[in-house]
Every structure is written in C-alpha cells, then in structure tokens.
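K.L.:
Structure provided below as structure tokens; questions to follow.
The values are calculated or read from the model by the stated rules, or taken from the named source; none is laboratory data. Because the structure is a prediction, the values reported are computed rather than measured. Heads up, the Cβs are rebuilt from the backbone with ideal geometry, glycines too, and the neighbour counts pull from every protein chain shown. Protein only, heavy atoms only, side chains kept; ligands, DNA and RNA dropped before computing areas. Shrake-Rupley method; radii C 1.70, N 1.55, O 1.52, S 1.80 Å.
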Amino acid sequence: MLEQGLKDGAKVFGLATGSTPETLYQELNKSNVDFTNSISVNLDEYVGLGKEDKQSYSYFMNDRLFDTKPFKENYLPDGKASDLDKECEKYNEIIAKNPIDIQILGIGQNGHIGFNEPGTNFDVETQVVDLTESTINANKKYFDNIEEVPSQALSMGIGSIMKSKKIVLIAYGLEKSDAIKNMIEGSVTKDVPASVLQKHNDVTVIIDKDAASKLSIFMVLPFQQI
Ligand code: PGA
C-alpha cells in the first residue's frame, strides 16, 4: 500500500510509533522502496525526551526505519523544546506546509489515535496532552519502570490527522478488539477518538483476527499487501 502510494505520487507520509508499525517498518527495510524524495511527519513525541533517549519516538524512528531508509526530511515534535506551545505552533506550520498524503495510525486500547486521548475535541491541532493511566500502563514495557514513563506528550491533533488524504489504521491483538469495535460499529464520539475516522472518506483498517474478533463482520488482509 505504501509502495503503491509512492508510485501514485505520495510525497508526505504520516508515521506512527509503538509496537504496531514495527512489522511494517521491518518489511519496508527489506524492500526496495525508496523514500529519498519523501517527507515523514510523525504523530507524537514524549515531553522531556530527545533523540538521544532510547525511549523517545525520535530514537525509535531512526532505529526502526530512518537509519535504513533515509527520507529527504523527517519531522517529529521536539519533546525537549523549552516552549512547548511554540513547538506545537511550529509543528502545525510543518504539517500545513507538508500536507500528509498517507497517514499510518495505530490505536490505543482506549481508542486513542496519536496521543489524542478520550475526550479530545475533533478539531484540535498539535497540542500538549496528559497521558491517561491506560496509555501509561500500555507503554511501560518500553521503560525500566512505570515512574519513568513521561506523563505528557506532544501530539498531532485529530483535526490534523483528519486532513490526511489517506489513512491506514493498523491494530493487532485481543487487547485492541474493543477499541476496533467501538471505532467501526459504535457512534462517533469524543469518548472513542478513533471513531472520528468514520467521517473520513479514505480509511483502510488492517487488523488481525484477534483485533477483529468483536466485530459483526470483518476481513483480514495478508500483511504483505500493505
Ligand atoms: P501500540 O500503540 O502500537 O504500542 O499498541 C498504539 C497506540 O497507542 O496508538
């Protein structure tokens, strides 16, 4: 799907971190895909972590993809910015200058997209967010102990995500099954941020059987077709 996007002229890729896109990045690293004329714009970064911190999303992206597949430009919010509000404005300008052609998304167990937690307004742009207990618990596996998980992050807003031309949401595992059911079959509500995607006209959802298990109807695509 990303290779086809490139062939079709996609230039700007909205990228995600976390365990979900790891296999996608492994496949891309093994492929001939060439991103040297492409731009990446990531969804989020922890407040207080910089590219030298192993748990930062900047470090993650370099390690999992950019070191092997260089892009023309890589953008992530700067979690160490001294003025976080200014950093959010700067990031909004970057997104405005580089409209996202294809946005890759994971989904949180609570239905978050990016770090837009339940209750977030659908029209917000990049903002500083307080992470919920569920998100902190889900992400503690990357840290030595839960106290080290940052309590805040900078996240691209739902308004910006919705402006992406095409969105690909990926989810694996039973722990995502409620979020997937609510996203697809529930009503559009701020309580399930991903439910806003029902209002976007070009969304592909790629899920395994476990993540799909609570849906009334589902289809699973082989991963190689991404
Ligand atoms: P995960 O996170 O890929 O680590 O499950 C997804 C998300 O929180 O968006």
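K.L.:
Could you tell me how far the Cα centroid of the range 98-133 sits from the Cα centroid of the range 145-182, in Å?
P.N.:
6
K.L.:
Would you please state which residues of the range 47-90 a label at Lys165 would reach in this model, taking the label point 7 Å out along Cα→Cβ and a backbone N cut-off of under 18 Å?
P.N.:
72-73
K.L.:
Need the list of aspartates and glutamates near Lys80 for cross-linking: C-alpha distance under 12 angstrom, and skip anything on the same chain fewer than eight residues off.
P.N.:
Output for Lys80: Glu45, Glu52, Asp53.
K.L.:
Over the chain, what is the relative contact order in whole percent, taking alpha-carbon pairs under 8 Å and six or more residues apart?
P.N.:
Working: 436 pairs, mean separation 46.7, N = 226.
Result for the chain is 21 percent.
K.L.:
I want the local charge near Ala10. Using Cβ-Cβ distances under 15 Å, sum +1 for each Lys or Arg and -1 for each Asp or Glu among the other residues.
P.N.:
Details: positive: Lys7, Lys11, Lys69, Lys72, Lys163, Lys165, Lys166; negative: Glu3, Asp8, Asp34, Glu73, Asp101, Asp202.
With Lys, Arg at +1 and Asp, Glu at -1, the net is +1.
K.L.:
Ok, one more. R0 = 30 Å: FRET efficiency of Lys199 with Lys90, Cβ-based, nearest 0.05? Could you put the intermediate results ahead of the total?
P.N.:
Working: r = 28 Å, r/R0 = 0.92.
E between Lys199 and Lys90, to the nearest 0.05, is 0.65.
K.L.:
Turning to a different aspect of this structure: Over the chain, with a Gaussian network built from C-alpha contacts below 10 Å, which listed residue (Glu117, Glu147, Glu185) shows the highest mean-square fluctuation?
P.N.:
Comparing Glu117, Glu147, Glu185 in a Gaussian network model of the chain, the most mobile one is Glu147.
K.L.:
Using the Cα atoms of the chain to build a convex hull, what is its mean projected area in square nanometres?
P.N.:
Taking the Cα atoms of the chain, their convex hull projects to 11.5 nm² on average.
K.L.:
Moving on to the next point. Describe numerically, in nm with one decimal, the distance between label points set 7 Å from Cα along Cα→Cβ at Phe143 and at Lys11.
P.N.:
3.8
K.L.:
Residue farthest toward the positive end of the dipole of the range 2-111, with Cβ of Lys/Arg at +1 and Asp/Glu at -1: which of Ile39, Tyr91, Ser56?
P.N.:
Towards the positive end, the residue furthest out is Ile39.
K.L.:
Carbon-plus-sulfur fraction of the accessible area of the chain, 1.4 Å probe, in percent? Kindly include the intermediate steps, with their values, before the conclusion.
P.N.:
Working: 5030 of 10810 Å².
That share works out to 47 percent.
K.L.:
Find which of Gln198, Val149, Leu105 sits farthest along the positive direction of the dipole of the range 72-226, computed with +1 on the beta-carbon of Lys and Arg, -1 on that of Asp and Glu, about the Cα centre.
P.N.:
Looking along the dipole axis, the top candidate is Gln198.
K.L.:
What's the magnitude of the charge dipole for the chain around its Cα centre, counting Lys and Arg as +1 and Asp and Glu as -1 at the beta-carbon? Answer in Debye, nearest 20.
P.N.:
Magnitude of the dipole: close to 740 debye.
K.L.:
Ignoring ligands, DNA and RNA, what accessible area per residue does the chain give at 1.4 Å, in Å²?
P.N.:
Numbers: 10810 Å² over 226 residues.
About 48 Å² of surface per residue is accessible.
K.L.:
Now, a different point. Can you tell me how much longer the chain between Thr68 and Asp53 gets when fully stretched, taken as 0.36 nm per residue apart minus their C-alpha distance, in nm with one decimal?
P.N.:
Gain on extension, Thr68 to Asp53, equals 3.5 nm.
K.L.:
Around Asn182, what is the net charge, scoring Lys/Arg as +1 and Asp/Glu as -1 over all other residues with Cβ under 10 Å from its Cβ?
P.N.:
Surrounding charge for Asn182 is -1.
K.L.:
Could you give the dipole magnitude of the range 89-206 about its Cα centre, charging the beta-carbon of Lys and Arg +1 and that of Asp and Glu -1, in debye to the nearest 20?
P.N.:
480
K.L.:
Right, something else. Please report, in cubic angstrom per residue, the volume enclosed by the convex hull of the alpha-carbon atoms of the range 123-226.
P.N.:
Spread over its residues, the Cα hull of the range 123-226 gives 123 Å³ apiece.
K.L.:
Using +1 at the C-beta of Lys and Arg and -1 at the C-beta of Asp and Glu, which of Val12, Ala211, Gly114 has the Cα lying farthest in the positive direction of the dipole of the range 2-212?
P.N.:
Most positive-ward Cα: Val12.
K.L.:
Convert each backbone phi in the range 175-182 into a coupling constant with the Karplus relation 6.51 cos²θ - 1.76 cosθ + 1.60 (shift: θ = phi - 60°), then list the ³J(HN,Hα) values in order as whole Hz, x for Gly and Pro.
P.N.:
Using θ = phi - 60°, the values come out as 5, 9, 5, 5, 4, 5, 4, 5 Hz.
K.L.:
Rounded to the nearest 5, what is the percent of antiparallel bridges among the DSSP beta bridges in the range 1-160?
P.N.:
Here the antiparallel bridges make up roughly 45 percent for the range 1-160.
K.L.:
Add -39500 (n - 2.57) for each DSSP H run of 4 or more in the chain, then divide by its residues: what number comes out at 222 nm, to the nearest 500 deg cm²/dmol?
P.N.:
Using -39500 (n - 2.57) per qualifying helix, the result is -6500 deg cm²/dmol.
K.L.:
Listed here are the pairs Lys90/Lys199; Lys140/Lys190; Lys30/Lys86; which of them are more than 31 Å apart at the Cα?
P.N.:
Lys30/Lys86
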